[in-house]
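Note sheet for the following structure.
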Amino acid sequence: MHVELHSDFQDDAEAQQAADLISACVHCGFCLPTCPTYLDTGDERDSPRGRIYLVKQLLEEGQATAITQRHLDRCLTCRSCETTCPSGMRYGALADIGRGMMETQAQRPAPERLLRTLLRKCLSRPTLFTGLVRIGQLFKPAIPGALGRKIPPRQKTGPVPSQIHARQVLILEGCAQKAATPATNQAAARVLDRLGISLQAVPGAGCCGAVDYHLGAHADGLKHMRRNIDAWWPAIEQGAEAVVSSATGCGSLLAEYGELLAGDPEYAERAAKISSLHTDLAAFLLQQDLSPLQTRAVRGKDKIALHIPCSQQHALQQPDTTREILRRAGFTLACTRDDHLCCGSAGTYSILQADTSERLRAQKIDALTGDSPAVIATANVGCQLHLGEAAEVPVKHWIELLDEATGP
């Protein structure tokens, strides 16, 4: 697919990159049956191929309409289309460029701008967001309806390992995860401690940048990335062997730090190093000698429904790592279906596109629970919270189950 850039974009590096990305698309349509929003609406503008055409139109005509904005907003960025595409189309990168351009090309109504700004400013600041979550948890019994359901119950985190090991890895604590599901990283610390590895949270590191970047505020997203690099760098120089993420949504962006900051002469080299050191928690564990984990008999005949987040399947391209760890630990995995389809969480999508998100969630819960599981396990905080709002069985991060099965 060839793009003739509008004169306004001739010297625009992002526009040129978008045109290069579009050139990989052969408009074959293989992406259509793997796209959750196309399956939901039947409108090809809500498919990867349709959105590629809309971005192409923007690049060639030099202007965009609310229609283009609406259909880009409806994209989950699940990247299932990338896994399916026979020609290697990097749709996720194109969608992010398109969203960034749309923020300058099509003015949003004031209420939309306000909501998106509030989401960016609150979610990306762990201290602020934690305070808001704690207030919400305090008053949750008095908060009715959907808003009350979105407030997660307060978790018990358990003991923190006190021993400092020679082997150390850094952990991205994140923003929503640190506030809403702190048990995840505490469980990860205990499991790694049993393997003789210390999990180190570095003060100063925070949001990975995904909230801002995926909402089109690229400059703010890049600031978060630079801040994390500055915070982690002294520990890396002292020998930290990896940057681990227990949230696959955050991890998929960490893997792209090197690419996103490649044009920054001050940060390019360090960003590339961070991306090379990044590893998802499940992938990291599979590289270790797991024999020190003395697994107790787990849950008898209770079955675990494993939800594999889109970011783990399609962005990180690691669809089987968590399944392999749980299998080795002796868990019985329930039969599930439509594993490749998104649950509808997708970061802020569940708030900004609530109707579509809830329909996709209902379908996903139905696909996960057909085999009567005792619990749903996932690898991403957004999916965990989103599914947990509506599922009739508990939803946990898989590392919590492994911690329970291998603890003293």
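When Cys81, Cys25 are checked against the criterion of being of a type outside the set (Ser, Thr, Tyr) and assigned to a loop (DSSP other than H, G, I, E, B), Cys25 stands alone in meeting it. Quick one: in the stretch 101-127, of everything that is open to solvent by 80 Å² or more (accessible area, probe 1.4 Å) and of a type in the set (A, V, I, L, M, F, W, C), which residue is nearest to Glu60 (Cα to Cα)? By that ranking, first place goes to Leu114. Identification of helices (runs of 4 or more DSSP H) wholly contained in the stretch 119-184 with 1 or more residues that are farther than 27 Å from Ser275 by Cβ and out of contact with any strand residue (DSSP E or B) (no Cβ under 8 Å at 6 or more places or on another chain) yields 126-139, 145-150. For the stretch 332-340, the condition holds for at least one residue, the condition being that it is among the polar types (S, T, N, Q) and either farther than 24 Å from Cys175 by Cβ or modelled with pLDDT under 95 (or both). Scanning the stretch 222-259 for residues that are within 18 Å of the chain's Cα centre (by Cα) and in a loop (DSSP other than H, G, I, E, B) gives Ser246, Ala247, Ala255, Glu256. So is Lys156 basic (Lys, Arg), surrounded by 11 or more Cβ atoms within 10 Å (Cβ to Cβ), farther than 22 Å from Cys250 by Cα and more than 21 Å from the chain's Cα centre (by Cα) or not? The answer is no for Lys156.
Close contacts from the stretch 159-188, counting a first residue that is of a type in the set (Lys, Arg) and a second that is surrounded by fewer than 17 Cβ atoms within 10 Å (Cβ to Cβ) and assigned to a loop (DSSP other than H, G, I, E, B), with Cβ to Cβ under 8 Å and a gap of 6+ residues or different chains, come to Arg167/Gly196; Arg167/Glu241. Within the stretch 219-278, restricting attention to residues that are of a type in the set (Phe, Trp, Tyr) and closer than 14 Å to Gln168 by Cα, the residue that is most open to solvent (accessible area, probe 1.4 Å) is Trp233.
Okay, residues lined up against (1) surrounded by fewer than 14 Cβ atoms within 10 Å (Cβ to Cβ); (2) among the polar types (S, T, N, Q):
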residue: His6; (1), (2): no, no
residue: Ala13; (1), (2): yes, no
residue: Gln16; (1), (2): no, yes
residue: Ala24; (1), (2): no, no
residue: Gly29; (1), (2): yes, no
residue: Tyr38; (1), (2): no, no
residue: Ile52; (1), (2): no, no
residue: Leu59; (1), (2): no, no
residue: Gln69; (1), (2): no, yes
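In the stretch 211-240, the residues that are closer than 22 Å to Ala93 by Cβ reach residues that are aromatic (Phe, Trp, Tyr) and surrounded by fewer than 22 Cβ atoms within 10 Å (Cβ to Cβ) with C-beta atoms within less than 7 angstrom, at least six apart or across chains, in these pairs: Arg226/Tyr267; Ile229/Tyr267. Of all residues in the stretch 191-221, those satisfying the criterion of being in contact with a Gly (Cβ under 7 Å, 6 or more places away or on another chain) and either of a type in the set (S, T, N, Q) or part of a helix (DSSP H, G or I) (or both) are Ala210, Val211, Asp212, Tyr213, His214, His218, Gly221.
The values are calculated or read from the model by the stated rules, or taken from the named source; none is laboratory data. Since this is a predicted model, take the numbers as computed values, not measurements. Cβ coordinates were reconstructed from backbone atoms using ideal geometry, including for glycine residues, and neighbour counts include every protein chain displayed. We work out accessible area using only protein heavy atoms, side chains counted, and drop any ligands, DNA or RNA first. Shrake-Rupley method; radii C 1.70, N 1.55, O 1.52, S 1.80 Å.
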